[in-house]
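Inspection log for the structure reproduced underneath, given as structure tokens.
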Amino acid sequence: MNNGDLAILNCSDGDTRLSFNSDVPDEVARAKVIVEDMLKRGYCISIVVGDKMERVKAFDATKNEYVIDAPDPEAPAKRRGGRRKGVPTKSTRAYAVAPTAGGGLGVRAFPLRRSQLAKDTR
Amino acid sequence: MTVVENNSLSWQDMRRAVGRLAKIERTYMGIPMPIEEAALVMTKSHPHYKNLNGRTTTNLGEDLKDDSGLELVNSWFDRRDRRRIYLLRENGGRVERGWINQGPAHRLTSMLKCLGASLTMDIKAEERAMETLSTLIKPHLFDAYRMLGYFIETSKRSGVTYLFRLLGATIAFRSTEDSTRFLAALCLHPLGYYDDLPMGVMVPTDDVIAHLVMMRSDEVMFWRKSNQHGPVSPGAML
């Protein structure tokens, strides 16, 4: 299988699938534009690597790879970040989650009107 | 639902039209639909943020001006009386206190409003989301989700256990042989949600997938982006 597969959570359709043949440069270039646009807009793109999931930091169209952070387990805890690693898009499942709006159950997000509030009648 | 009735359009027609528009515009996250019962709260990076944020079907297209003269000073949840207290300053002068009850009646109202919000969603989208979820978790957990509306997973990174729920904040807790310690109820919606409702603009299982994927790939970000509720807060829905 030479296809990269990206499931994009979408409020109209559930999820939309973006499949691209990793051996066709045009399709990879199109995927690069879409993935980079998503990352710029704040999407959280996660890929399955072995039995874990990792967050994608960038997309390398020349090598046809997702770029993820690869912490060095040998390094001291505070210096583990910073190293990057490429994961081939071939046969890699990816999930894109739109930027979040937070969550505010119980707290009003918009200005209150006086009529919405109860008050002491004493 | 007067807007739909007056124009003889079904919600399905509207969903399809908005879905087509999203495809033409290449808005990958889709375009959410406002409802009458609650205002939309949107992520700022959505291309239609200015037109949709804060809108209901009744104020769509209007200029949203806050002319109440009330400025929010502070708000907190009053556990004893189960209400959210608001301190508001009127036209820069005196601070007034008021509250919104958040007891069982509030919860019932929320549930009824969710019925309205569900009209904006396509059941096929929920089925597709369920299919995606089934590829992400083990079959017995997926069965539990279908039967009960929730499943658990323990983070390999932190050891924290999460209870992922349909239409509810994800509960984070630590469990040992002797005890279970509640950590937080994590409320987060990708793209947007309906104000003061437990419902996001995506189908409910998509919200669950978002929580699961974010927890697995970047747990720190998942906590940072979430609204963290205590166990007795109405937002925790416990």
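Answer yes if at least one residue in the range B:95-110 is within 30 Å of B:Ala17 (Cβ to Cβ) and without any contact (Cβ under 8 Å) to a residue 60 or more places away in the chain, and no otherwise. Yes, because at least one residue in the range B:95-110 is within 30 Å of B:Ala17 (Cβ to Cβ) and without any contact (Cβ under 8 Å) to a residue 60 or more places away in the chain.
State whether the residues of the range B:129-146 include one that is without any contact (Cβ under 8 Å) to a residue 12 or more places away in the chain, within 18 Å of B:Pro32 (Cβ to Cβ), touching a strand residue (DSSP E or B) at 6+ places or on another chain (Cβ under 7 Å) and outside any strand (DSSP E or B). Checked the range B:129-146: no residue is without any contact (Cβ under 8 Å) to a residue 12 or more places away in the chain, within 18 Å of B:Pro32 (Cβ to Cβ), touching a strand residue (DSSP E or B) at 6+ places or on another chain (Cβ under 7 Å) and outside any strand (DSSP E or B).
Here A:Asp37, A:Asp51, A:Asp69, A:Asp26 are screened, and the one residue that is of a type in the set (Asp, Glu) and surrounded by 14 or more Cβ atoms within 10 Å (Cβ to Cβ) is A:Asp69.
Among (1) modelled with pLDDT under 90; (2) surrounded by fewer than 15 Cβ atoms within 10 Å (Cβ to Cβ); (3) under 22 Å from A:Ile8 (Cα atoms), where does B:Glu177 come up short? Only one criterion is unmet by B:Glu177, namely (3).
Among the residues of the range B:1-26, which ones are at pLDDT 85 or above and either β-branched (Val, Ile, Thr) or touching a His at 6+ places or on another chain (Cβ under 6 Å) (or both)? Once the filter is applied, which keeps residues that are at pLDDT 85 or above and either β-branched (Val, Ile, Thr) or touching a His at 6+ places or on another chain (Cβ under 6 Å) (or both), the range B:1-26 yields B:Val18, B:Ile24. Kindly indicate whether B:Leu40 is in contact with a strand residue (DSSP E or B) (Cβ under 6 Å, 6 or more places away or on another chain), among the hydrophobic types (A, V, I, L, M, F, W, C) and within 11 Å of chain A (Cβ to nearest Cβ). So B:Leu40 fits the description; yes.
Against the numbered list (1) surrounded by 18 or more Cβ atoms within 10 Å (Cβ to Cβ); (2) modelled with pLDDT of 70 or more; (3) within 11 Å of chain B (Cβ to nearest Cβ), A:Gly106 comes up short only at (2). Among the residues of the range B:16-36, the ones that are under 13 Å from B:His46 (Cα atoms) and not in a loop (DSSP other than H, G, I, E, B) come to 2 in all. Restricting the range B:46-56 to residues that are surrounded by 16 or more Cβ atoms within 10 Å (Cβ to Cβ) and assigned to a loop (DSSP other than H, G, I, E, B) leaves a set whose member that is nearest to the other protein chains (Cβ to nearest Cβ) is B:Gly54. When B:Leu60 is tested against the conditions (1) under 30 Å from A:Lys52 (Cα atoms); (2) in a loop (DSSP other than H, G, I, E, B), the lone failure is (1).
Residue by residue, here is whether (1) under 22 Å from B:Ile123 (Cα atoms); (2) within 11 Å of chain A (Cβ to nearest Cβ); (3) part of a helix (DSSP H, G or I); (4) modelled with pLDDT of 95 or more holds:
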{"residue": "B:Gly168", "(1), (2), (3), (4)": "yes, yes, no, no"}
{"residue": "B:Leu197", "(1), (2), (3), (4)": "yes, yes, no, no"}
{"residue": "B:Met202", "(1), (2), (3), (4)": "yes, yes, no, no"}
{"residue": "B:Met221", "(1), (2), (3), (4)": "no, yes, yes, no"}
{"residue": "B:Pro231", "(1), (2), (3), (4)": "no, no, no, no"}
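Screening B:Arg216 on (1) more than 7 Å from chain A (Cβ to nearest Cβ); (2) assigned to a helix (DSSP H, G or I); (3) more than 19 Å from B:Thr43 (Cβ to Cβ) shows it passes everything except condition (1). Within the range B:197-214, being in contact with a His (Cβ under 7 Å, 6 or more places away or on another chain) and either charged (D, E, K, R) or outside the structural domain of B:Gly149 (by TED's automatic domain parsing) (or both) holds for one residue alone: B:Asp207.
The values are calculated or read from the model by the stated rules, or taken from the named source; none is laboratory data. Keep in mind that this is a model prediction, so the values were computed, not measured. Quick reminder, even Gly has a Cβ in these numbers, built from the backbone with ideal geometry, and neighbours come from all protein chains shown.
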